[in-house]
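Derivation of every value follows stated rules applied to the coordinates shown; laboratory data play no part. All values reported here derive from a predicted model rather than from experimental measurement. With ideal geometry, Cβ positions are generated from the backbone for all residues, glycine too; neighbour counts draw on all protein chains shown.
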Amino acid sequence: MHFSFNNTTPQVVIQRMIKELKNRKLERMVNFDLTESKLIVTIRKLGCSRLVFDVKSDASGHEFSLRERHIVLTHRPFRVEVEKLIQEVVDDLGGQVTT
């Protein structure tokens, strides 16, 4: 999974994602940690799963590419739903998703 945003910074993308998750009442379950080169999304509810994205920036914008996926057993049945939710949030925020 890859998603990208034009004309913004990774920090703004994360702030907008957090706001969107609050609107969906999911902010307590999801945490974002952003460094210069990666984004770690942690999902906590009945266990702890992590999605690690590489962050690449260029003149046209920023791309987030899924590098690692650590899904606990209790979250595995919901994997497709979570990926769909990520896609919906990215779409709602004006980003582009590719798989």
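Could you run through the range 39-74 and say how many residues are farther than 22 Å from T8 by Cβ, free of Cβ contacts under 8 Å to residues at least 24 places away in the same chain and among the β-branched types (V, I, T)?
2
Here is a check on your reading of the model: is V12 touching a helix residue (DSSP H, G or I) at 6+ places or on another chain (Cβ under 7 Å) and in a helix (DSSP H, G or I)? Spell out how you get there, then give the answer.
Numbers: touching a helix residue (DSSP H, G or I) at 6+ places or on another chain (Cβ under 7 Å): no; in a helix (DSSP H, G or I): yes.
No.
Residues Q11, Q15: which one is loosely packed, with under 13 Cβ neighbours inside 10 Å and without any contact (Cβ under 8 Å) to a residue 40 or more places away in the chain? First the steps, then the outcome.
Values: Q15 fails: loosely packed, with under 13 Cβ neighbours inside 10 Å.
Just a single option satisfies the conditions, and that option is Q11.
One line per residue, one yes/no per condition, for (1) in contact with a Leu (Cβ under 7 Å, 6 or more places away or on another chain); (2) of a type outside the set (A, V, I, L, M); (3) more than 15 Å from H2 (Cβ to Cβ); (4) in a loop (DSSP other than H, G, I, E, B):
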| residue | (1), (2), (3), (4) |
| --- | --- |
| L46 | no, no, yes, yes |
| L51 | yes, no, no, no |
| R69 | yes, yes, no, no |
| V72 | no, no, yes, yes |
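What are the pairs, 6+ residues apart or on separate chains, where a residue within the range 75-99 that is within 17 Å of R50 (Cβ to Cβ) has its Cβ under 7 Å from a residue that is assigned to a loop (DSSP other than H, G, I, E, B) and not polar (S, T, N, Q)?
As it stands, the answer is H75/G47; R79/I71; E83/M1, since those pairs meet every condition given.
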